[in-house]
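> If you scroll down you'll find the structure; I have some questions about it.
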Amino acid sequence: MPVAIYRFARDLRLEDHAGLSAASAHGDIAPALIVDRELEERLRCSPRRAAFFCGAVAALDAALRERGSALIVRRGEAPAELVRLAGELEAPAVVWSASYDRAGIAADADLQAAVEERGARAIAVHDAPAIPPEESTAARSSAGDGYRAFAPYYDVWRDLEPGSYEAPLLLSFIPAGLRSEALPAPADFGSSDHVPDGGAPRAREKLETFLRGTALQYSFAINVPADDLTSHLSADLTFGTIAARTVVRETRNRMDDPFLLSEERASLRLFIRALAMRDFFLQLSWYNPETSDTALQEKMRDFPFLQSHPHLEAWCQGRTGFPIVDAGMRQLRATGWMHPRVRAIAASFLCFDLGVDWRAGMAEWDRYLIEDDPALSVGNWQWIAGVGADLAAYPRIYNPYKQARRFDPGGSYTRKWISELAHGPARGLSETQQGSAQIELPLGGAERYPRPVIDHDRAARDFLARYQEFVTPAGGRRSSR
Ligand SMILES: Cc1cc2nc3c(=O)[nH]c(=O)nc-3n(C[C@H](O)[C@H](O)[C@H](O)COP(=O)(O)OP(=O)(O)OC[C@H]3O[C@@H](n4cnc5c(N)ncnc54)[C@H](O)[C@@H]3O)c2cc1C
């Protein structure tokens, strides 16, 4: 039986796996993991990400060992290592799952060239999205462009059925015994974090628990950061310990329950919409890889965002004096994750209140997030900064006071993450003082929590003036949005 090499990367599982399914058509599968420079950089960047990855790899190796196989770990440049391995095994095919960010797409192209030069087949498979980009764009007359707006994308996406590759028992792997280096450990990437009990089994368990319970209140969960009840599947999805297809399919199955209340059904629909958003950003980057560091909207490419700001460090450290923003930044630093609603508020604050470049915010978050998908991070940051796929007529500048009142009315979220406010009154902000940007400081740590570093109203208006001047300058050369 011939052997096909499967190169694992952001798809660390055996279940519902489009890549493994494709590889199995070419022979017994040799499961390989290459720790190359790009992977090392992504993991060195965030210690929690490194630990999560190592846990997921260990779980994958354990699953392979249960089947008499084992991961073949090599360190070095991916094309050279995989070509060498293909030579050792006389493998006619090397298969992997496609990347969606610019660096990943370029690395995939290099790998393809190297494998084909050796005379083997190079096969990159869409595994990360629930619906591959080509499927969602098939109905378009200019399919090669993809979608730049979410609404029409979602109209098409929601009628498509994700493929199913649910049969790992049918996959055949080569026996363990081939030369392999040690499994990666957090210390290899400068991380002293312990390896979490992670990987595919844990991700599956998380999904099942979520669908049994809090998914039915998802419409509330995304608006109540204090409850912390969204799925927390983002890191699993970016490392592929669970397939987005599985999540979409199981959520749709859950919707078949005839005993659901309409509110619960609406929650499940909203959750599926969140997964569509993920696919949307993946296809956006797939068709527009240059957006990794350039605005999607051409007319916004030269917008003069600031590269630094006297209060940038305060934003990074969660010390702006705006509790909802600071709580989010501190949650991120403490856990490697931030509630989705608060992400939008904290990012808006950076881009509009401080006027700082979205790329600076993205880089800062990358140092702490466990999630590892630049395509998703870029798409979201550009969306918030008003330079990407969100086609709103004006920048959506969030008022941190109003956002706090709406999404954290009891102040539980801010009190949880800001120790100085932990013993404060029920509300972190006084309604009457919002206009003057003052904080109702609680007893105890009152002196230590900073006062607001800026006047939100003034900053928002200044930004809008700069924006207006940019899109319709005095000479009227640029078109307005
Ligand atoms: C400025 C900003 C930056 C972000 N950066 C990232 C990032 O680097 N990586 C990342 O995975 N997500 C990012 N997001 C999207 C989203 O906030 C996270 O996916 C979400 O907070 C993860 O929590 P959860 O798993 O509980 O999500 P849930 O609300 O339970 O959603 C389920 C899943 O849907 C997907 N999803 C939901 N919303 C989005 C979205 N807006 N874009 C893409 N996928 C989505 C995620 O995979 C998520 O796990 C960002 C959002 C903003 C506003």
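Taken together, the values in this text are just the output of simple stated rules run on the coordinates, not laboratory data. Small disclaimer: the values here were computed from a predicted structure and weren't measured. All Cβ positions, even for glycine, are placed from backbone atoms using ideal geometry, and neighbour counts span all protein chains on display.
> Given contacts defined as C-alpha pairs under 8 Å and at least six residues apart, what's the relative contact order of the chain, whole-number percent?
17
> Of the options Leu39, Gly27, Ala4, report the single residue whose Cα projects farthest towards the positive end of the charge dipole of region 1-54 (beta-carbon charges: Lys, Arg +1; Asp, Glu -1).
Leu39
> Right, another one. Residues with beta-carbon under 15 Å from that of Val156, excluding Val156: net charge, scoring Lys, Arg +1 and Asp, Glu -1?
Net charge around Val156: -3.
> Follow-up. Can you list the aspartates and glutamates whose alpha carbon is less than 17 Å from that of Lys402, not counting same-chain residues fewer than 8 positions off?
Partners found: Asp326, Asp353, Glu431, Glu440, Asp455, Asp457.
> Give the calculated FRET efficiency between Asp110 and Thr209 to the nearest 0.05, with a Förster radius of 41 Å applied to their Cβ-Cβ distance.
Between Asp110 and Thr209 the formula returns 0.50.
> Next question. About the Cα centre of the chain, what is the dipole size in debye to 20, counting +1 per Lys and Arg Cβ and -1 per Asp and Glu Cβ, all else neutral?
For this selection, approximately 1180 debye.
> Can you pull out the GluC sites (Glu not before Pro) in region 37-130 that DSSP calls coil and that have at most 11 other Cβ atoms within 10 Å?
Glu90
> Could you state the principal axis extents of the C-alpha atoms in the chain, from the largest down, to the nearest angstrom?
Extents along the principal axes, in whole Å: 75, 55, 50.
> Using mean Cβ contacts within 10 Å as the protection proxy, how do 28-34, 272-278 order, highest first?
28-34, 272-278
> Mind checking which of Leu211, Gly240, Thr230 is farthest towards the positive end of the chain's charge dipole, using Cβ charges of +1 (Lys, Arg) and -1 (Asp, Glu) about the Cα centre?
Highest projection toward the positive end goes to Thr230.
> I would also like to ask the following. Where does each of 382-394, 281-293, 303-315 land if you order them by average Cβ count within 10 Å, highest first?
Packing proxy ranking, top to bottom: 281-293, 382-394, 303-315.
> Give the dimensionless ratio obtained when the Cα radius of gyration of region 3-87 is divided by 2.2 N^0.38 Å.
Expressed relative to 2.2 N^0.38 Å, the Cα Rg reads 1.09.
> So how do 399-410, 165-176 stack up, highest first, on mean other-Cβ count within 10 Å?
Highest to lowest by the protection proxy: 399-410, 165-176.
> Roughly how big is region 273-418's charge dipole about its Cα centre, with Cβ charges of +1 (Lys, Arg) and -1 (Asp, Glu), in debye to the nearest 20?
780
> While we're on this one: Residues with amide H under 5 Å of Val356's amide H, sequence separation 5 or more or different chain, H placed in the peptide plane at 1.01 Å from N; which?
It is Leu306, Cys351, by chain and number.
> Follow-up question, since we're still on this one. Only counting other Cβ atoms within 10 Å, I'd like Ser348, Ser164 sorted with the fewest neighbours first.
Ser164, Ser348
> Might you report the magnitude of the Cβ-based charge dipole of region 222-350 about its Cα centre, with Lys and Arg at +1 and Asp and Glu at -1, to the nearest 20 debye?
For this selection, approximately 80 debye.
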